[in-house]
1. Please state which of the following conditions residue 302 fails to meet, knowing it meets all the rest: (1) farther than 17 Å from residue 139 by Cβ; (2) among the small types (Gly, Ala, Ser); (3) touching a residue at least 12 places away in the same chain (Cβ under 8 Å).
2. Tell me, please, whether a residue that is part of a helix (DSSP H, G or I), touching a strand residue (DSSP E or B) at 6+ places or on another chain (Cβ under 8 Å) and of a type in the set (Ser, Thr, Tyr) can be found in segment 126-141.
3. Residues that are within 18 Å of residue 361 (Cα to Cα) and either small (Gly, Ala, Ser) or without any contact (Cβ under 8 Å) to a residue 40 or more places away in the chain (or both), at least 2 per element: which strands (runs of 3 or more DSSP E) completely within segment 29-75 meet that?
4. Do you know which residues across segment 270-284 are among the charged types (D, E, K, R) and either in contact (Cβ under 8 Å) with a residue 12 or more places away in the chain or buried (at least 20 other Cβ atoms within 10 Å of the Cβ) (or both)?
5. Out of (1) among the hydrophobic types (A, V, I, L, M, F, W, C); (2) within 21 Å of the chain's Cα centre (by Cα); (3) closer than 21 Å to residue 358 by Cα, the odd one out for residue 77 is which?
6. What single numbered condition from (1) in contact (Cβ under 8 Å) with a residue 24 or more places away in the chain; (2) under 22 Å from residue 105 (Cβ atoms); (3) not in a helix (DSSP H, G or I) fails to hold for residue 350?
7. Residues 183, 200, 206: which one is more than 20 Å from residue 229 (Cα to Cα) and touching a Gly at 6+ places or on another chain (Cβ under 9 Å)?
Amino acid sequence: MLFTAPLIHNGYKFLPAGSMVEVNDSGVITAIHYGLQNEDVIEYQGILCPGFVNVHCHLELSHLRNSIPEHTGLIPFLQQIPIIRGKFSREEIRFARHEAYQELRNHGVVAVGDIANVTDTLDLRALNDLHVHTFVECIGFTEQYAPQRFKASRHTYKTFAAQQQKDKILRQSIVPHAPYSVSKTLFDFIDKHQPQSIISIHNQESLAENEFYQNKTGAVNNLLSGLGIEYDFFQATGKSSLQTYTQWLSDEHPIIFVHNTYTTKEDVEIAVDRFRQTYWCLCPNANLYIENTLPDVTMLAAAGLNMCIGTDSLASNHQLCVFSELLTLKKKIPLLQWEVLLQWATSNGAKALDMNEQVGSLEVGKQPGLLNISDLSESANPVIERII
């Protein structure tokens, strides 16, 4: 089958006018043609591009849609989650995550980095519709409980790892939740579990996180106290959270920094210098939902970083739509070019999840999916059609 459109983005850039994508019945790209004359070509309006890669999502929280008010700030947001989660039945939780999974597919996602604290999402991985890297999240700030916390996460990890792979990529790694919720000892357990595994971490999502590490002040104290977590042992480092915890991880880990709402140029330089591979995942609609602000995207983009896109959860977003995240970025920062934004949502995300051998770009031998985007306007309801 041959497909063409006025604009074709191959995951890296727009192809020359008149280009065509040839795909076999299995969805594998067999050729990219330039200037070919063929009357059997299927022509779409708008833009053709590879399927989207959602690098950061919490499908297990999908039942919390519209449960927490917007603009609460991160700490009050986090304080409400354990209270609200107990109000839903197992069936409501199951239905919501399956509905969210289909929402991802309907909005053009072909691969997802999914955060998991429990094994609920095993049933979604078994559907064999999306490539999934499950980030098993480890949480525990009190040093003495680190062995027990890690043991629980390792049990969850093993359950995911035992799941049989079919046509789709299924992978998993144990990762820290955030700097304010993981002790140095727990970081050490995570670091040594899989020496070169992908690490994903909620990074500098609130100003309070940096305040806590710099001088042990701010709202993180309220969060830990409210949860009954003992933290008298913690000593402020005088540095940002990123500049502190990155010293606790091996430089062999590819690392995905997620959110980065209060990340500075100095933080970026230190991280890039330390790790062999860094990826910087933006979840702009969630940032606006919770903190009502965005990261310094202009600075991040100018630094030439490997930028990618996530949606976070339906507790902090109104939809799981990668293209809506791009629309928000384009609206807030008009100088961002669509050629670059589409790269963030496709090939960069595939590289972040180490799935670029199969998805993320229109290249011969890959099976990246193919989307038709109706246009690149700032419509609130972009029309995205899955062709393959």
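The values are calculated or read from the model by the stated rules, or taken from the named source; none is laboratory data. Note that the structure is predicted; figures quoted are calculated from it, not measured. Here the Cβ is made from the backbone with ideal geometry for all residues, glycine too, and neighbour counts use every protein chain on show.
1. (3)
2. No, segment 126-141 has no match at all.
3. Working: elements: 29-34, 47-49, 52-57.
Filter on segment 29-75 gives 29-34.
4. If the condition is that a residue be among the charged types (D, E, K, R) and either in contact (Cβ under 8 Å) with a residue 12 or more places away in the chain or buried (at least 20 other Cβ atoms within 10 Å of the Cβ) (or both), then 274, 276 are the ones that fit.
5. Checking residue 77 against (1) among the hydrophobic types (A, V, I, L, M, F, W, C); (2) within 21 Å of the chain's Cα centre (by Cα); (3) closer than 21 Å to residue 358 by Cα, the one that fails is (3).
6. (3)
7. Only one candidate passes the filter, namely 200.
For every residue, the table says whether it meets (1) in contact with a Ser or Thr (Cβ under 6 Å, 6 or more places away or on another chain); (2) under 27 Å from residue 352 (Cα atoms); (3) surrounded by fewer than 21 Cβ atoms within 10 Å (Cβ to Cβ); (4) not aliphatic (A, V, I, L, M).
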{"residue": "2", "(1), (2), (3), (4)": "no, no, yes, no"}
{"residue": "6", "(1), (2), (3), (4)": "no, no, yes, yes"}
{"residue": "17", "(1), (2), (3), (4)": "no, no, yes, no"}
{"residue": "58", "(1), (2), (3), (4)": "yes, yes, no, yes"}
{"residue": "61", "(1), (2), (3), (4)": "yes, yes, no, no"}
{"residue": "69", "(1), (2), (3), (4)": "no, no, yes, yes"}
{"residue": "85", "(1), (2), (3), (4)": "no, no, yes, yes"}
